[in-house]
1. If we sort 17-24, 298-305 on the protection proxy, mean other Cβ atoms within 10 Å, highest first, what's the order?
2. Measure off 7 Å from each Cα along the Cα-to-Cβ vector at residue 208 and residue 22, then give the distance between these two points in nanometres to one decimal.
3. In degrees between 0 and 90, to the nearest 10, how far off the longest principal axis of the chain does helix 264-280 point, with axes built from Cα atoms?
4. Can you check how the C-alpha radius of gyration of the range 116-191 compares to 2.2 N^0.38 Å, as a plain ratio?
5. Tell me, in nm to one decimal, what length is gained between residue 221 and residue 179 on full extension, where the rule is 0.36 nm per residue of separation less the Cα-Cα distance?
6. Rounded, prolate or oblate: which one fits the range 215-323, using the alpha carbon gyration tensor with axes a ≥ b ≥ c (rounded when a/c is under 1.5, else prolate when a/b beats b/c, else oblate)?
7. Over what distance in Å are the Cα centres of the range 318-343 and the range 75-110 separated?
8. Give me the orientation-averaged projected area of the Cα convex hull of the range 3-110, in nm², one decimal.
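Since every read-out is calculated from the coordinates, none of them should be taken as a lab result. If you're wondering where the values come from, they're calculated on a predicted model, not measured in any experiment. Glycine also receives a Cβ, built like all others from the backbone with ideal geometry; neighbour counts cover every protein chain displayed.
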């Protein structure tokens, strides 16, 4: 593993180093350990993050190393001693963690994303049954990955038949929701990414065809948090019902897309979901699927939502999916263009991910 994809641990205290290694092991992270402070220069700026032991913080501060984000000082003393704080400030570090009390916070930092912004989370909701939300979610994930963004596609509709079918990944081995349903506590970003099926570069968390299984809202939140730490884009296909799990996902979404066909009944169904969506998410936009009837601008005006994109019918889409080819076969087709427009309006981070 390259050193620029690993966190750097600087300490000569064996007890402290062992404690940090145990936390790192739980996240799937493999830190680079340096005991001699004078030997850190080669890795200081390229490591994914830096963990400095209290025993080396003053020495490092004296080296006048360049300031960098994603650094933390750790100590076995609780609370940290004043001189540890003074050394941290001199080094340009604003976090001092006490072990073992702050193990969970250190685990978040060691999970390959020290100091990084979490990936974008896009939730897709259909106005009604048959709106095409699952297909759009799958296409959005494929488009993001094709644009060079590491992407996770999450199926949160246990009655949808499995979103892996839409991307041609039903035969690809890896974890599905039944394997994670009973998960409690923290999930590492790297282990999650490594164990999920990957289809054309997209990590996919889907359901099996063995029947619906309850997944607690807390479990979904844990999975989404790990997904965002390990991917630049996470796309979630949500059911249209206002249950606790969907509401929790919407609460942390960076953008929510309501997909509405241009039919009167679909617009009426969309309007019935607006109070829930507006109360649950902070960035709500509209994608209109043109299928006759209403004008897309009229739909947007009726729902009082910003129109992110419109799309006509994609010829051959059903056949592509049935043949396991995925939803996006024409980069200039209406579905691909709508996905690109939706992504263009969403702020996406550019960063390394957990290794």
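1. Put in order of decreasing packing, that is 17-24, 298-305.
2. So the label points at residue 208 and residue 22 sit 3.5 nm apart.
3. Helix 264-280 sits roughly 20 degrees off the main axis of the chain.
4. For the range 116-191, the normalised Cα radius of gyration comes out at 1.20.
5. Contour length minus the Cα-Cα distance gives 13.5 nm.
6. oblate
7. After rounding, the separation between the Cα centres reads 48 Å.
8. With the hull built on Cα positions only, its mean projection is 5.6 nm².
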